[in-house]
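Following: one structure in structure tokens, then a few remarks.
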């Protein structure tokens, strides 16, 4: 018995795979290595319970062939579908990016599962499916769902396709909606940007925007823990759960200050203008994880603690890298 | 100035085009004629304000070329995107059908509009995006959205992509969610099935299911009227409106009896078992059009009247056809 993970070489994939291996579960993974890397999987690949094959899963025939090969070794009992575009601005300027990497990956994953008779699917969705609801708390059954980025749109399209599949061949689906996740291996995001900028210009950190943009942050270790909790405990056929920090979040200015403190104490911070990151970025939102808490899971770190931990880890990653 | 309609040769397209032409508006239309027909457009094509080119709009290059040719004659000021799969069971058994015909048509339409600088879009969505909410009244902002057919999933995916586009290049989008629409030219649906069955076996109408399945029905003339009303009056950048009958609907048995009465008086009706049409069909739902009524539009026919009118029209269509 083994679990298949798509997008395994990415940030969440690597952490999820490690957690499953730690439980003694056999893991097979695929990734096109367009954003994920072999280096991210260095530790995983030392584990005899781990298999990896490079394939672009939107190449449906090649993907199915790889999965059939995995299944010949050990039956695949469920799939965790994480493969997606992670560069949201890229998808805003060109809708084809999220069409292929965020939605078509889901379509072909469902097609593969139907053909191979895999009936359980866990899916990494996003808070971006909600769109901009202003100050209204985002609970799982809020509507209407009007995403403002192609990334959010194609995550919602994926949820919809999974929901339809659950009416026909899927026995159960777990859909996790989460906002900003941080930690290592960091491949993108504001913290990595700051650390790298400071490496380049150690005396001054230039911040795009005025630093007042505020978001809740979840550490990837908490995310994985919550996903596995939902997988183990949620009773619904279509289990839909927000995962996130409970607090109001921290500002970009706090992240900048924390990065400077850890990486380059004394560096000056210079701010730009405006508090909106890019087209398609919801500037501020209130996230509810009450449903998840009722299921028995609570975050151990708040946004401040998650940022502090991640900044330390990313600075270390970049010093060693 | 002209309006572009995709899927113009289909049931709704033909009725919409006629209504626009009646207002003296120039209409250019595209259709791949996979389900729509030239015959449906016979009257439209006599109008000098009407242009039609056959093209499969998922062939993006060919589609853009056709639109550029239309635009050279008269600038296109808005697009009404109606092209979609209309065979819901076909899409349930093969997800590729709705992927291409219901969602990719939307993706390429948005791409075309971005390239040609067309900033206003009206879109024919569906009540299928809601999924099965049991007896809860379906209002526009209900959640979660968990469609149970690939048709519903790909309509929701389309709404999501349009919503994201409205954040970047689209100035305004009108999204119409409607359930069962009836009238002529009928190309599919229970009434046409019944009329054709009766033509084949005039003494007996065999009904799949036990006839108790109940749905609200909207006549296509009312649908077009409501869509144009919303287009003219809705103030929202993303205008999302249910359109439908207000009543509890009528049963399949009523439709069978009405069809027999009009087409083949005295024929026996034989029922099968079960009250669910097919996988992906929501058996019964309560639809709210309060938002539309607040905007000032009210249906003139209830479901019973709409069915009576459509049955008469379809019987006549089939006698002449």
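Worth a mention:
- Only a single item in (1) closer than 22 Å to residue B:176 by Cα; (2) surrounded by fewer than 14 Cβ atoms within 10 Å (Cβ to Cβ) is not met by residue B:73, and it is number (1).
- Against the test of being touching a strand residue (DSSP E or B) at 6+ places or on another chain (Cβ under 7 Å) and within 28 Å of residue A:214 (Cα to Cα), the options A:158, A:86 yield a single qualifying residue, A:158.
- The set of residues in the stretch A:114-128 being under 17 Å from residue A:230 (Cβ atoms) and in a helix (DSSP H, G or I) consists of A:127 alone.
- Qualifying residue in the stretch A:101-118 (condition: facing another protein chain (nearest Cβ under 8 Å), at pLDDT 95 or above and over 21 Å from residue B:148 (Cβ atoms)): no
- Within the set B:33, B:44, B:20, B:38, the sole residue that is farther than 30 Å from residue A:112 by Cα, surrounded by fewer than 15 Cβ atoms within 10 Å (Cβ to Cβ) and assigned by TED's automatic domain parsing to the domain that holds residue B:221 turns out to be B:38.
- Flag for residue A:62 being more than 14 Å from chain B (Cβ to nearest Cβ), assigned to a helix (DSSP H, G or I) and out of contact with any helix residue (DSSP H, G or I) (no Cβ under 6 Å at 6 or more places or on another chain): yes
- Considering each residue of the stretch A:76-89 in turn, at least one proves to be in a helix (DSSP H, G or I), over 30 Å from residue B:138 (Cα atoms) and in contact with a helix residue (DSSP H, G or I) (Cβ under 6 Å, 6 or more places away or on another chain).
- Condition broken by residue A:224, with the remaining ones in (1) outside the structural domain of residue A:135 (by TED's automatic domain parsing); (2) at pLDDT 95 or above; (3) buried (at least 18 other Cβ atoms within 10 Å of the Cβ) satisfied: (1)
- The stretch A:130-168, subset farther than 24 Å from residue B:92 by Cα and part of a helix (DSSP H, G or I), residue nearest to the other protein chains (Cβ to nearest Cβ): A:150
- Among the residues making up the stretch A:196-212, those that are surrounded by fewer than 21 Cβ atoms within 10 Å (Cβ to Cβ) and either touching a strand residue (DSSP E or B) at 6+ places or on another chain (Cβ under 9 Å) or part of a strand (DSSP E or B) (or both) are A:197, A:203, A:204, A:206, A:207, A:208, A:209, A:210, A:211, A:212.
- Within the stretch A:83-111, the residues that satisfy the criterion of being under 13 Å from the mean Cα position of the chain (by Cα) and surrounded by fewer than 24 Cβ atoms within 10 Å (Cβ to Cβ) are A:85, A:86, A:87, A:88.
- Filtering the stretch A:222-235 to residues that are outside any helix (DSSP H, G or I) and without any contact (Cβ under 8 Å) to a residue 40 or more places away in the chain leaves only A:235.
- The lone criterion from (1) at pLDDT 95 or above; (2) in contact with a strand residue (DSSP E or B) (Cβ under 6 Å, 6 or more places away or on another chain) left unmet by residue A:286 is number (1).
- Meets criteria (out of contact with any strand residue (DSSP E or B) (no Cβ under 9 Å at 6 or more places or on another chain) and in a helix (DSSP H, G or I)) for residue B:247: no
- Only one of the numbered conditions (1) in contact with a helix residue (DSSP H, G or I) (Cβ under 8 Å, 6 or more places away or on another chain); (2) in the same structural domain as residue A:255 (by TED's automatic domain parsing); (3) modelled with pLDDT of 95 or more is violated by residue A:204, and that is (1).
- Odd one out for residue A:64 among (1) under 22 Å from residue A:186 (Cβ atoms); (2) out of contact with any strand residue (DSSP E or B) (no Cβ under 8 Å at 6 or more places or on another chain); (3) surrounded by 14 or more Cβ atoms within 10 Å (Cβ to Cβ): (1)
The values are calculated or read from the model by the stated rules, or taken from the named source; none is laboratory data. The model shown is predicted, which means the values in this text are computed figures rather than measured ones. Don't worry about glycine lacking a Cβ; one is built from the backbone with ideal geometry, like all the others, and counts go over all protein chains shown.
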